[in-house]
1. If we scan the stretch 66-73, do we find a residue that is modelled with pLDDT of 90 or more, over 23 Å from the mean Cα position of the chain (by Cα), assigned to a loop (DSSP other than H, G, I, E, B) and surrounded by fewer than 11 Cβ atoms within 10 Å (Cβ to Cβ)?
2. Of these, 3, 22, which one is assigned to a loop (DSSP other than H, G, I, E, B), modelled with pLDDT under 85 and among the aliphatic types (A, V, I, L, M)?
3. If you scan the stretch 48-65, which residues turn out to be part of a helix (DSSP H, G or I) and more than 18 Å from residue 31 (Cβ to Cβ)?
4. Give me the residue from the stretch 92-129 that is surrounded by 12 or more Cβ atoms within 10 Å (Cβ to Cβ) and over 30 Å from the mean Cα position of the chain (by Cα) and, out of that set, modelled with the lowest pLDDT.
5. Please state which of the following conditions residue 147 fails to meet, knowing it meets all the rest: (1) under 16 Å from residue 175 (Cα atoms); (2) touching an Asp or Glu at 6+ places or on another chain (Cβ under 7 Å); (3) part of a strand (DSSP E or B).
6. Answer yes or no as to whether residue 58 is among the aromatic types (Phe, Trp, Tyr), at negative phi, at pLDDT 90 or above and surrounded by 16 or more Cβ atoms within 10 Å (Cβ to Cβ).
7. Give the residue, chosen from 185, 136, that is at pLDDT 90 or above, exposed (fewer than 14 other Cβ atoms within 10 Å of the Cβ) and out of contact with any Asp or Glu (no Cβ under 9 Å at 6 or more places or on another chain).
8. Mind counting the residues in the stretch 7-31 that are surrounded by 10 or more Cβ atoms within 10 Å (Cβ to Cβ) and polar (S, T, N, Q)?
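The values are calculated or read from the model by the stated rules, or taken from the named source; none is laboratory data. Everything quoted here is computed from the prediction, not taken from an experiment. Here the Cβ positions follow ideal geometry from the backbone for every residue, glycine too, while neighbour counts run over all protein chains shown.
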Amino acid sequence: MIAKATDSKALTAKALGISRSAIYYRSKKLAKDWKLKTKIEEALSNFPSYGYRRIALYLGINKKRAQRVMKLFEVRAYRRRGRKPRKNGFAKMFFPNLLKTNYPEHANHIWVSDFTYIPFKGKFLYLATVMDLFTREVVGWSVLTNHSASLVLEAIFTALNYHSRPDIFHSDNGKEYGSRTFIIR
């Protein structure tokens, strides 16, 4: 049976196989969500970087509800753009990884360098080491309270005082190894 426009609502409900009360039902969820949306926008005006989790805590509601409403009405928190690298007039140089094609053939052929931190009396000490890859011997090292190019340079100069210059020097291309002070020397 197909319901006609002239049929009563009771007949239409019977034809569709639903109860008469379903015809009159209006969800109150959308109205509640709209009120919540205005509260979320108000909270975001005070705290623009808050995501749905913090908004939920701030408003005292369930985080899933906050997420659902923000998604429904396309309300988004402010997202800061990623930072661009500073240009200080000196281009950072990245050196190719020569260890992929070269293997140590003799002592002082390839040196590798890296540094680490050591917790000491509530502060950190930074240890830079230079190692001969053939003998696996630490040929130079330095300890300072800050990690900078001078830490790495001191370790290299210590190594050069006791050993001849290597054919290849390898590092992880960190900021200390790409700094102006390190490259010039």
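1. no
2. On the way: 22 fails: assigned to a loop (DSSP other than H, G, I, E, B).
Of the residues listed, the single one that is assigned to a loop (DSSP other than H, G, I, E, B), modelled with pLDDT under 85 and among the aliphatic types (A, V, I, L, M) is 3.
3. Result: 52, 53, 54, 55, 56, 57, 58, 63, 64.
4. 102
5. (3)
6. Numbers: among the aromatic types (Phe, Trp, Tyr): yes; at negative phi: yes; at pLDDT 90 or above: yes; surrounded by 16 or more Cβ atoms within 10 Å (Cβ to Cβ): yes.
Judged against the criteria, residue 58 is a match.
7. Working: 185 fails: at pLDDT 90 or above.
Just a single option satisfies the conditions, and that option is 136.
8. Number satisfying all stated conditions: 3.
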